[in-house]
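See structure below.
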Amino acid sequence: MEENLREVEERIRTTYCPDMRRNIRSVEDALDVLQGKWKVRILMAIMKGNYRFKELLEWNVGLTDKVLSHNLKILIEDKLIEKFETASFPPMTEYRMTEHGISLYKVMAELMRWGEEHRRYVLNK
């Protein structure tokens with residue numbers, strides 16, 4: 001464990017510190033995409049499959065139409081999800097991950113892993 005910590009500290013010093021402002025901005029950009037109460041929940045739902053507006057409302061108890069609509073617009077602007085019509089009659093509008101949004105899968109998986117470890121660490125103290 002201690003060796004791993006030393007390796008990480010060295011990597012941070014040699015890789016990330018030379019351009020700290022750019023690195024901070026990059027982390028802030030990434031966190032901005034996920035900030036807010038609903039964005040992560042909406043993304044996690046859409047990562048599981050395509051969803052219609054009403055299904056997203058049902059999946060996210062407490063979410064209002066207005067807040068969902070606002071967050072979906074932001075996620076579309078960030079090119080993480082896209083809105084499309086199904087080839088059914090009548091056509092139905094659904095939301096799905098974009099290729100760029102799919103790149104978040106690894107990030108989200110790592111955040112889940114870290115969150116579980118963090119929760120255990122904090123609760124075991």
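Here, each number is a calculation from the coordinates, and none is a lab measurement. On a predicted model such as this, the values are computed, not experimentally measured, just so you know. Ideal geometry is used to build each Cβ from the backbone, glycine not excepted, and the neighbour counts take in all protein chains shown.
Taking the chain as the region of interest, the number of lysine pairs whose Cα atoms are within less than 17 Å, with members eight or more places apart or on different chains, is 17.
Does segment 37-124 come out rounded, prolate or oblate, given a ≥ b ≥ c as the square roots of the eigenvalues of its C-alpha gyration tensor, rounded meaning a/c under 1.5 and, failing that, prolate meaning a/b above b/c? It comes out prolate by the Cα gyration axes.
So what's the back-of-envelope 222 nm ellipticity for the chain, counting only DSSP H runs of four-plus at -39500 (n - 2.57) apiece and dividing by all residues, rounded to 500?
That comes out to -19500 deg cm²/dmol.
Computed about its Cα centre, the charge dipole of the chain is approximately 320 debye, with only Lys, Arg, Asp and Glu carrying charge at their Cβ. Computed from phi, the 3J(HN,Hα) profile of segment 79-88 under the Karplus parametrisation 6.51, -1.76, 1.60 (θ = phi - 60°) reads 6, 8, 10, 9, 9, 9, 9, 6, 8, 10 Hz, with x in place of Gly and Pro.
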